[in-house]
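A short write-up of the structure that comes next.
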Amino acid sequence: MKVRTFRYLWHLLRDVISVPTVKYAVAYVAALLCLGTLGYWTLEGRSPIDAFYTTVLILTGVGCANPPMTPAGEIFTVGLLAVGLGALIHIISRVFAALLRGDVLLRIKESDAMARIERMRDHVVICGYGKKGREIARNLGEHGFEVVVVDKDPEKCDRAFRDGHLAVQGDVTSEETLLKAGVERAQAVALVTDSDETNVFACVLVRDLNPNAWIVAAARSKTGARTLQRAGADEVVRVYEAAGIVIANRLMDPLSFLVTVRHPLEDTFREFREIIRHGGIVVDVRYHIPPLPEPLVKDLWVEDESDVKRRLEMHEDSETREALERLHRMSDDVHSHRIIVRREEDKEKIVEALRRLGFLIGVDMTHKEVLKEVFGVEA
């Protein structure tokens, strides 16, 4: 425990001194002490220890038990006092300015963060704390993930601390910075700076430092996306494309509805063809399995005959078919689909078609309603 405390205090002192203003102040004071010691040693013939002691007493304003004995020493003392007083005022003003800017406080926070990061395993490193990074960190934090933010902007790092996350100030393209964030022990890394080039360079470094990390990167262009994939990113999200998809889905929400049906696996494509024939798009499938509190959801996109054929080819794979048959057995063939239509009247056509086929159980039913009405159980 003592060793750990000493190590923490040493790192704290080192990090605080690394602030340019503090570093400048320490260097200035050290220079004055050296100058005073050398002056009294040379001009007064004092021992180095006595000369140093005399310098400290004079610079701190305490006074001197052994005043200068020579005219040269007296003149030197006056000059040292003038320089020392001016230096003291200058240093105090510079240090207070650094405190007001938050430079020293940020270093203290970082020093505490370093001690905590050293003990972390399987955390998530977020490179870049702009709007995307903040939202990612917030969502991960709400789900119980430990997050370490990396950004070269001290204001963004301070914002991350205030948001309750650990942060490391530095360049994400620096190996030293990434190691400070514990990237070699992280389970996942998000690269969400505002520069594709920066994300690519950081991706190469992360992959080299941690071959097993799951890397998700944001790209602003097609070229950036391709380069990130070559650099080793596991997933690449094109920012504007993703935003466009989300907005488009929100626009289509009023024209979407849920149908709950029951039929064996063999009738799946008969159902799909009936839905797309009446202008619908199948977005997902939701298997209702008692007593699970939520359905098992799998995204789909069946819009035309080519999508149906692609799904047919997937079903020809023995492992895929076996998994689907297992899901149908567990749900007793009961499942739901989210369907999007382009016109309100298409909804009625699809519902009527599924009713004629004998598949339809209900429209816009919740999972709890399905379990209660079909299986007679409470979720």
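The values are calculated or read from the model by the stated rules, or taken from the named source; none is laboratory data. As the structure is a prediction and not an experimental result, all values here were calculated from the model. Virtual Cβ from ideal backbone geometry, glycine too; neighbours counted across all protein chains shown. We work out accessible area using only protein heavy atoms, side chains counted, and drop any ligands, DNA or RNA first. Shrake-Rupley method; radii C 1.70, N 1.55, O 1.52, S 1.80 Å.
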Identify all residues within the stretch 135-181 that are under 24 Å from Val200 (Cβ atoms), more than 13 Å from the chain's Cα centre (by Cα) and not aliphatic (A, V, I, L, M); write none if there are none.
Lys152, Asp153, Gln169, Gly170, Asp171, Thr173, Ser174, Glu175, Glu176, Thr177, Lys180
Quick check on the stretch 337-344. Is at least one of its residues free of Cβ contacts under 8 Å to residues at least 60 places away in the same chain and surrounded by fewer than 13 Cβ atoms within 10 Å (Cβ to Cβ)?
no
The condition of being in contact with a Ser or Thr (Cβ under 7 Å, 6 or more places away or on another chain) and among the β-branched types (Val, Ile, Thr) holds, among Ile215, Ile276, Ile289, only for Ile289
Quick one: in the stretch 322-336, which of the residues that are touching a helix residue (DSSP H, G or I) at 6+ places or on another chain (Cβ under 9 Å) and assigned to a helix (DSSP H, G or I) is most open to solvent (accessible area, probe 1.4 Å)?
Glu325
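Give me a count of the residues in the stretch 136-148 that are surrounded by fewer than 18 Cβ atoms within 10 Å (Cβ to Cβ) and modelled with pLDDT of 90 or more.
Of the residues in that region, 1 qualify.
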Pick from the stretch 17-37, criterion in contact with a helix residue (DSSP H, G or I) (Cβ under 8 Å, 6 or more places away or on another chain), among the small types (Gly, Ala, Ser) and under 20 Å from Val56 (Cβ atoms), ranking: modelled with the highest pLDDT:
Gly36
Note on the stretch 358-379: residues modelled with pLDDT under 95, over 42 Å from the mean Cα position of the chain (by Cα) and surrounded by 11 or more Cβ atoms within 10 Å (Cβ to Cβ) are Glu373, Val374, Phe375
Suppose we filter Gly133, Gly170 for residues that are surrounded by 17 or more Cβ atoms within 10 Å (Cβ to Cβ), in contact (Cβ under 8 Å) with a residue 40 or more places away in the chain and of a type in the set (Gly, Ala, Ser); which single one remains?
Gly133
So Leu292 ticks every box in (1) in a helix (DSSP H, G or I); (2) surrounded by 13 or more Cβ atoms within 10 Å (Cβ to Cβ) but one. Which box is left unticked?
(1)
Confirm whether Gly232 is of a type in the set (Gly, Ala, Ser) and at positive phi.
yes
Selection count where residues are buried (at least 19 other Cβ atoms within 10 Å of the Cβ) and of a type in the set (Gly, Ala, Ser), scope the stretch 149-167:
2
